[in-house]
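What follows is a set of notes on a single structure, which appears directly below.
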Amino acid sequence: MFKKRKARLQAELHEDLAAALRDADPEVRGKAAGDTAETAELGWALRELALAMAREQSVDEPFDSLAGAFAVALRRDRAIRERTEAVFAAHLDDPEEFLREWTALTADLGGAPALSEISPDARDDARGRLRQIRDHDWTAQGLAHAGRPDSFAYEVRFGVAVTLACIVVRRAVPLPADEAERLRAAARDALAKALPLAPGGPERTDVLTELAEQPEDESWTDRARCCLLIDEALSLCDDADPDRVALGVEALSAVLLFNGVFRSDRIRETLDRLAAGPSDAVALSELLCCYERLHMDEPLEAPPLPLFLDALRHADARVRSAAAEGLDPMAEGSPSEGDAVDALVDLLEHDADLGVRVSAARTLAGLVCAEERNSWATFDALQRHADSPVPEIRALSLRDALKRGTPDAYDRLLRELEPSDVHWEFLSAYSYAAMRHDFRLSPDIRPRLVERLEHLRSSGWSDRCEDPDAYPDPEDRAEMLDEILRDLRADA
């Protein structure tokens, strides 16, 4: 009789938790996930959690709670935990096989069917997530430096890996056919509206920005939506009409700017083909921006440095500026590093266009040169502009000085922060320096820096910007100021 009562209570618990995992309230689903992971019948818990993740609509909570609870349940059984470890360890450099093995594991536990075919989009997403997993001490031998499976360090790293794997699978679900067709039609309408507008002009930029910007509410289908937009842009790039090709490059640049990089192989093939032919100034500048965004996402094999170096001498300032910006970090450690530094220094010193000079200074301040000669050349060039009348260039000179720890760097920073209309680039210069792992701020500087920043905040600095629609807007400026003050007080 006792066994029957226990079985009945267990069945009732399972029924209640299963209902809670489907509840409309995300807090209820999140709490139910944690309770489910701890139930006595592990097989039932693993199945319900795997199924709950496959249908969860939220990209934040309770999805994170569901994935965390799933990780807890996976660790409870040694054999399941070791199989899970093996899936990650054996396939850190093979995203397709990783997805096959991971989804086979979750299918065996009662979740959604295993993936038999891996789309290029899912493969690329998995490749990026596996890089993140390696950054959390996963190796071909398993988790390194994490201690015993019941240690906190192990639990955190194991949980991160499981969560990232679950995210890849959830984002790989394709758009429903009717939704895909609706989005495709809307994209084509927007591109048709943009075509007659002036290339690179504000009206065309507004149309492409509205098309490319991410929806306000995140969704698991955002990645599929972005890939659809990339397909439409690449289709224009393949057109015989040069005007449509130019629009395709502009659209592609906008999508990559607002959404990140997907379908990188197809994009690289298209860019290389277009780079081999003639382009007008607007199309060439956007082409360079596309290469830069690909390289920032994942360093390109054989980056097109000759194209960028040639573009530094282009007659159009827009092209020169895009080429200068793209050389950080593309030129770092390359055989062309010295040529790039020399050309950027020449632009900073002599270019007639102020925007180009600022772009050159920004890249010189950001470069981490492999050769000492090049490093000193960037330092010397930027220090020659420590008293530039252009605040952006002066701030970038200061950014380099803070990075290198020059003796007068903080006196310069405090002096620049005295006026109530200080340029935001000076705050950015400090933020870049503070991100370095070897950053140290002397105790005598900290209170003076806090005092200056508090004065800026009380003076209404955040609301004083020339263009409220440009970056940084008042909200961005306030966030920048608050973040620096918060970090300064936390480190005190």
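The values are calculated or read from the model by the stated rules, or taken from the named source; none is laboratory data. Values in this document were obtained by computation on a predicted structure and should not be read as measured data. So basically every Cβ, Gly included, is an ideal-geometry build from the backbone, and we count neighbours across all protein chains shown. To get the accessible areas, we keep the full protein, side chains included, count just its heavy atoms, and leave off ligands, DNA and RNA. Shrake-Rupley method; radii C 1.70, N 1.55, O 1.52, S 1.80 Å.
Mind listing whichever residues of segment 140-173 are surrounded by fewer than 14 Cβ atoms within 10 Å (Cβ to Cβ) and either touching a helix residue (DSSP H, G or I) at 6+ places or on another chain (Cβ under 9 Å) or not in a helix (DSSP H, G or I) (or both)?
The answer is ALA140, GLN141, ALA144, HIS145, GLY147, ARG148, ASP150, SER151.
Please find, within segment 90-108, the residue that is farthest from ARG47 (Cα to Cα) out of those that are of a type in the set (A, V, I, L, M) and either open to solvent by 30 Å² or more (accessible area, probe 1.4 Å) or not in a loop (DSSP other than H, G, I, E, B) (or both).
Checked segment 90-108; the qualifying residue farthest from ARG47 (Cα to Cα) is ALA90.
Sort out which residues of segment 467-488 are under 15 Å from ARG457 (Cα atoms) and open to solvent by 80 Å² or more (accessible area, probe 1.4 Å), and write them in order of number.
Correct list: GLU475, GLU479, GLU483, ARG486.
Just checking, which of VAL345, VAL341, VAL356 is within 30 Å of VAL249 (Cα to Cα), among the aliphatic types (A, V, I, L, M) and open to solvent by 20 Å² or more (accessible area, probe 1.4 Å)?
VAL345
Restricting to segment 184-198, name every residue that is open to solvent by less than 60 Å² (accessible area, probe 1.4 Å), touching an Asp or Glu at 6+ places or on another chain (Cβ under 9 Å) and assigned to a helix (DSSP H, G or I).
Result: ALA187, ALA190, LEU191, ALA194.
Suppose we keep only residues that are outside any helix (DSSP H, G or I), open to solvent by less than 60 Å² (accessible area, probe 1.4 Å) and not polar (S, T, N, Q) within segment 199-239. Which one would you say is farthest from ARG263 (Cα to Cα)?
Among residues in segment 199-239 that are outside any helix (DSSP H, G or I), open to solvent by less than 60 Å² (accessible area, probe 1.4 Å) and not polar (S, T, N, Q), the one farthest from ARG263 (Cα to Cα) is GLY201.
Would you say THR406 is within 21 Å of LEU288 (Cα to Cα) and of a type in the set (S, T, N, Q)?
Here the answer is no, as THR406 does not meet what is asked.
Within segment 467-492, can you find the residues that are part of a helix (DSSP H, G or I), closer than 14 Å to HIS423 by Cα and touching a helix residue (DSSP H, G or I) at 6+ places or on another chain (Cβ under 7 Å)?
Result: PRO474, ARG477, ALA478, MET480, LEU481.
Right, GLU286: modelled with pLDDT of 95 or more, surrounded by 17 or more Cβ atoms within 10 Å (Cβ to Cβ) and of a type in the set (Asp, Glu) or not?
For GLU286, the condition - modelled with pLDDT of 95 or more, surrounded by 17 or more Cβ atoms within 10 Å (Cβ to Cβ) and of a type in the set (Asp, Glu) - is met.
What number of residues within segment 117-139 satisfy the criterion of being open to solvent by 70 Å² or more (accessible area, probe 1.4 Å), within 15 Å of the chain's Cα centre (by Cα) and more than 14 Å from VAL160 (Cβ to Cβ)?
Counting residues in segment 117-139 that are open to solvent by 70 Å² or more (accessible area, probe 1.4 Å), within 15 Å of the chain's Cα centre (by Cα) and more than 14 Å from VAL160 (Cβ to Cβ) gives 1.
What helices (runs of 4 or more DSSP H) completely inside segment 366-466 contain at least 2 residues that are charged (D, E, K, R) and closer than 20 Å to ILE484 by Cα?
Output list reads 391-404, 409-416, 445-458.
Can SER359 be described as touching a Gly at 6+ places or on another chain (Cβ under 7 Å), closer than 27 Å to VAL422 by Cα and assigned to a helix (DSSP H, G or I)?
no
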